[in-house]
1. Among residues belonging to region 113-138 that are part of a loop (DSSP other than H, G, I, E, B) and under 14 Å from GLN154 (Cβ atoms), point out the one that is farthest from the chain's Cα centre (by Cα).
2. Take LEU102 and tell me if it is more than 25 Å from GLY152 (Cα to Cα), crowded, with 21+ Cβ neighbours inside 10 Å and modelled with pLDDT of 90 or more.
3. Quick check on VAL242: is it under 30 Å from VAL327 (Cα atoms), in the same structural domain as LEU314 (by TED's automatic domain parsing) and of a type outside the set (D, E, K, R)?
4. What do you reckon, is GLY156 within 34 Å of the chain's Cα centre (by Cα) and on the phi > 0 side of the Ramachandran plot?
5. Among all residue pairs at least 6 apart or on different chains, which show Cβ distances below 9 Å where the first residue, located in region 325-342, is closer than 22 Å to SER354 by Cα and part of a strand (DSSP E or B) and the second is at pLDDT 90 or above and among the aliphatic types (A, V, I, L, M)?
6. Search region 433-446 for residues being polar (S, T, N, Q) and either surrounded by fewer than 13 Cβ atoms within 10 Å (Cβ to Cβ) or modelled with pLDDT of 90 or more (or both), and hand back the single one that is nearest to PRO389 (Cα to Cα).
7. Need at least 1 residues that are more than 23 Å from ASP201 (Cβ to Cβ) and either modelled with pLDDT under 85 or in the same structural domain as HIS100 (by TED's automatic domain parsing) (or both) per element, so show me which helices (runs of 4 or more DSSP H) inside region 1-72 make the cut, counting only ones lying wholly within it.
8. Would you mention how many residues in region 427-449 are assigned to a strand (DSSP E or B), in contact with a Pro (Cβ under 8 Å, 6 or more places away or on another chain) and within 30 Å of THR340 (Cα to Cα)?
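The values are calculated or read from the model by the stated rules, or taken from the named source; none is laboratory data. What you see is a predicted model; the values in this text were computed from it and never measured. Quick reminder, even Gly has a Cβ in these numbers, built from the backbone with ideal geometry, and neighbours come from all protein chains shown.
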Amino acid sequence: MLLMEGWITLIVVLGGVILRPTSTQNAIPETVLNCCEGDILFLLDSSGSVSSYEHYHMIQFLSQLLQPFSLGPDQVRVALLQVGTEPHLEFGFEAHSTHHSLQGALSRIVPLQGDTNTEAALRLAREKVLVPGGVGGARAGIPRVLVWLTDGVQPGAVEGPMVQLKQEGVAILAVSTGYGDYQVLQKVVTEPAKAHLYFVDIDHVSIITKDLRDAIIELIRAERLQVRDVTSSSAVLQWRPVLSGGTGYYNIVFGPLGTEGGGEGGPGTSTSTGSGPFRRVSRPGDSTWAELTDLREDTWYRATLEPQSNLDFLKPLSVNFTTLPEVLSPTTVTVTESNTSSLKVSWGPLQPNSVLRYEVEYGALPRGEVRVVIAGPDQSSAILTQLQPNTEYLVTVSALHSTGRQRAMSVRVCTQEELPALQDLELTTVGSDSVQVSWRGSVEGVQGYWVTWEGGSGFSGQTSSLYLPPNSLSTLLTHLPPATRICVSPVYRTARGEGLCCTAQSYSEAGTWGHGPYSSA
């Protein structure tokens, strides 16, 4: 037994040598480098229930798991908290920004032994380590992840603290190397549990390395290189800072996809600065964007950001995008205002850098005289005057571009019709409850007449109406209550014209209607 313990101790002592990257570890997945931005806290059970053998293999597992990530204040940061009788923070988020430093710290970790006081460790994690913006704590606005590594023996009352952490935005994953309480572990991890909970024998823990790493990447993946404001001839390349403290500089190499072979060495080594397939621009180390200009329309491009630093090797970042088809103004023509004798026509988009002038042609359909209005390159509307009412016009907006190309767009629009008011409304009583309603018509364009009447005092709300054809200039209304208000309105093709209203009064002494015309009221 003593001999076995001696061998185990020897393995731990030699851990610094064993943890150095092997040839397998050097095969770093390209999808991991510069992929992410987040703070990862590992909660490592090193109590008495965990053997030195298990502890060593778990440290080796962490070394392999973290090897591909790009570390730094603007990328991935790692902290490690050991669980024992009293929790111990081995190192915080600000301790290691290089893999050489991190791997050395991992090789020097000694297990705590003692009781499995996971609850106390979680309190320390929540109150100190994972607090955003705190001294030595997590970064504000950056994803936070807790990875719990346990043998599953007596985890304690962890559900409450874990729920609090999740409510505060911390993603939780768990790896159990023993026969722990599956129900407890399933409750504490972030959904979906099948992606964030792992049961594995300590001798085979390496088989989950890729799956756990991919799960972490999904939680802290950062769009470090993006393309925005794409047009037919330009695009803006934007990136999160990669160089530390603004040191060094950036090379941006870009060109159409499918032409990588055209330049010597492809896009990563092209030195073309002219009109060749790939071009190169440089930006200072504190830059976060660059505008790519003189691009071809409707073309797929590849842009590669090459951070140049004397301190570290930083892998290039690449992104593909497609430019928009060329847009020639105008693409929209609308009529925003209209009356009987004028129209306001508007167009867009404005392209003052490429348009020399706009020409607005308009004429009545089918064969009216065509007139032309000239507008400047920064003018987006024109008012067309001296038009005929109730007439359909064809309006065409043409743009002459500096390249000699022209684009035209047409719309059909009608001017509003004139709506003359009704004149000479006359009411004549006929009997005790009837009125002859007469008016003068003969207005061109009238489609008919609406006659409405409403009872007077004591009869409010009793409204009736009657539509008459355009050749009707009078009508007899019967069974009317006293003080009936009568209105007549002309009806045109698009709307009603202004009407006239009169109130019919009766002589109370005679009990009959009055005679003769009544003035409009």
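1. Filtering region 113-138 for residues that are part of a loop (DSSP other than H, G, I, E, B) and under 14 Å from GLN154 (Cβ atoms), the one farthest from the chain's Cα centre (by Cα) comes out as GLY114.
2. yes
3. Spelling it out, it is not the case that VAL242 is under 30 Å from VAL327 (Cα atoms), in the same structural domain as LEU314 (by TED's automatic domain parsing) and of a type outside the set (D, E, K, R).
4. Taking the combined requirement at face value, the residue does not satisfy it.
5. Note: pairs meeting the criteria are THR332/MET409; VAL333/VAL345; VAL333/VAL395; VAL333/VAL397; VAL333/MET409; VAL333/VAL411; THR334/VAL345; THR334/VAL411.
6. SER442
7. Ranges flagged: 2-13, 15-18.
8. The qualifying residues number 2.
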